[in-house]
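Visitor: Next up is a structure, given as structure tokens.
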2 protein chains.
Amino acid sequence: MSRTIPEQLAELKDFFEKEAESIFPFTLPQAPVLGEAMAYSYHAGGKRIRPILALAAAKALGKDPRLVVPAALAIEMIHTYSLIHDDLPAMDDDDFRRGRATSHKVYGEALAILAGDGLLTEAFHVAAAGMDNSISPSGKLRFIRELSRAAGIRGMVAGQVMDMEHPDTGDADFLEQLHVRKTGAMIQISCLVPAFLWEIPEKPWHSLRKYGEKIGLLFQVVDDILDETATLAQLGKTPGKDRKQHKITYPALYGRDGAAELADSLLHEALQALEDIPESELLAGIARFIAKRSH
Amino acid sequence: MSRTIPEQLAELKDFFEKEAESIFPFTLPQAPVLGEAMAYSYHAGGKRIRPILALAAAKALGKDPRLVVPAALAIEMIHTYSLIHDDLPAMDDDDFRRGRATSHKVYGEALAILAGDGLLTEAFHVAAAGMDNSISPSGKLRFIRELSRAAGIRGMVAGQVMDMEHPDTGDADFLEQLHVRKTGAMIQISCLVPAFLWEIPEKPWHSLRKYGEKIGLLFQVVDDILDETATLAQLGKTPGKDRKQHKITYPALYGRDGAAELADSLLHEALQALEDIPESELLAGIARFIAKRSH
């Protein structure tokens, strides 16, 4: 009997968790509490959407998913660091994340800052030193170049600053530019991992790029809707914070129905982008999973 | 008339500043205040010892110093980020650095954290995307691998945590292990930049490695001595903080005279390591410059 798409995605997640653990087990003899703090946040029950995207994209292009695990781990480590720094008192000041106390509540602010710094730096070590020799140095270098672009001052960090500094105008273009950087860039690069590690034809490259762009925005729209409608138990973090912090959100801009319509059309566009890619059922399943979180 | 060693080192510094500025000018149209905060700390009057080491090491090996500028810039950006995070209220809580207000005093804690994250991430972008095409992808990748090791959880970040968590035992081995990571690793990798970017013979490789190890420790011993003897104006940061924070220091462990003797013998060993390298006058000059700061 063939397995359902959700079953296959769950298997892909388990596969990633096991393989990743053998690459970087988060034990540091010289600074054990640093390894512990990094592991606490890395193992805090994340959905691993970014790694699953990277593995599913590899499968869609007929590549061995095992070979993209180090790149996927690097992305997830950077995602984890961004949550730790984001939750700090000087930033969003959040006590809960995924239903557990945040890093600085458990380890103190200094160690939380350093655990974030450590995860970010080690992500580049995993990318540079953890990959299979069958992948060319140029391929690894291309990935590192794009990872540092997506995570840094042209991507996620820029988005963070735009989010913090934004004038409270409710400008839809600005909101999209902000989220393309803050959330979108790291989701899009996850879909493109195999396109950086190997030379692939232009057509699937552009399709994956478009798919990644659409689900990146979809993810944020759904997140904004959830922030308004979900409870602490469902969300794992304090709900309603965005509106309280006077952040512009999609429901605030378009109303709740308008935001839900936007989510539907982004899902539609993401699925359409996959039409050129023969083995894209898993990627389609992930897009539907992201969209379904809003219901 | 031939120029003195200090004149040549000053020229090397100017050369680095100009070349580095053309690689990364710290202007960010999307998030201008982020670029401003990064530039504020990067241009805060650092001595650029690490970049000068990288350029001098290239000259000693007969390589074009221009080609190591991106790697040297990446190292200096990581050094700058580490100072910003180090000064944060949750960490060393310092209001002054190099005689100017620290990043969080000027831009606030949130932006200081993000400026640090941005500098760290962009350093890897400069290393992956900013180097000359004449350097092989394998060479660039080797450098990124070693940079992430020296800066991260086996190097600088581990040293930071050891410094924070250390039991107040006054154990000389522990103190050395701490400083090898906290300060030494990034100084040593600066000396080894050309050894990573190009294949070089084993003998100068080992000599540079030893030289880097010795001046890394020398740097810290001198720093500890200065922290006890210098004034705010000389130091550019609050003096006497180490003892106040109950940190173990070399003068506390060996007495001021003992620490000065240790500095002398580290300088001697560093100069000895250079005997195998034909064009090493500039490297010798840097070692003497580092040692002289203590007088």
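Visitor: Just give me the residues in the range B:85-102 being open to solvent by less than 10 Å² (accessible area, probe 1.4 Å) and more than 8 Å from every other protein chain (Cβ to nearest Cβ), in sequence order.
Guide: B:87, B:102
Visitor: Here is a list: A:242, A:257, A:264, A:223. Which entry is outside any loop (DSSP other than H, G, I, E, B), at pLDDT below 90 and acidic (Asp, Glu)?
Guide: Within the list A:242, A:257, A:264, A:223, the selection yields A:242.
Visitor: Could we say that residue B:54 is under 20 Å from residue A:119 (Cβ atoms), buried (at least 20 other Cβ atoms within 10 Å of the Cβ) and within 14 Å of the chain's Cα centre (by Cα) here?
Guide: Spelling it out, it is not the case that residue B:54 is under 20 Å from residue A:119 (Cβ atoms), buried (at least 20 other Cβ atoms within 10 Å of the Cβ) and within 14 Å of the chain's Cα centre (by Cα).
Visitor: Going through the range A:129-170 one residue at a time, which ones are buried (at least 24 other Cβ atoms within 10 Å of the Cβ), outside any loop (DSSP other than H, G, I, E, B) and within 7 Å of another protein chain (Cβ to nearest Cβ)?
Guide: Listed by number, the residues that qualify are A:140, A:144, A:148, A:151, A:157, A:158, A:160, A:161.
Visitor: Quick check on this structure: which one of B:279, B:269, B:275 is modelled with pLDDT of 85 or more, open to solvent by 10 Å² or more (accessible area, probe 1.4 Å) and not in a helix (DSSP H, G or I)?
Guide: On inspection, the qualifying residue turns out to be B:279.
Visitor: Determine the pairs where a residue that is more than 7 Å from chain B (Cβ to nearest Cβ) and under 15 Å from residue A:151 (Cα atoms), located within the range A:110-125, has a partner that is hydrophobic (A, V, I, L, M, F, W, C) and not in a helix (DSSP H, G or I) with Cβ atoms under 7 Å apart, the partner being 6 or more residues away or on another chain.
Guide: The qualifying pairs do not exist here.
Visitor: Moving to a separate point now. Within the set of pairs 6 or more residues apart or between chains, which connect a residue that is within 12 Å of residue A:132 (Cβ to Cβ) inside the range A:55-68 to a residue that is modelled with pLDDT of 95 or more and surrounded by fewer than 19 Cβ atoms within 10 Å (Cβ to Cβ) with Cβ atoms less than 6 Å apart?
Guide: Qualifying pairs under 6 Å: A:67/A:132.
Visitor: If you go through the range B:18-28 one residue at a time, do you hit one that is within 14 Å of chain A (Cβ to nearest Cβ), within 25 Å of residue B:184 (Cα to Cα) and not in a loop (DSSP other than H, G, I, E, B)?
Guide: So far as the range B:18-28 goes, no, none of its residues is within 14 Å of chain A (Cβ to nearest Cβ), within 25 Å of residue B:184 (Cα to Cα) and not in a loop (DSSP other than H, G, I, E, B).
The values are calculated or read from the model by the stated rules, or taken from the named source; none is laboratory data. On a predicted model such as this, the values are computed, not experimentally measured, just so you know. Reconstructed Cβ throughout: ideal geometry from the backbone, glycine too, with neighbour counts over all protein chains shown. Remember, those area values only see protein heavy atoms, side chains included, never the ligands or the DNA or RNA. Shrake-Rupley method; radii C 1.70, N 1.55, O 1.52, S 1.80 Å.
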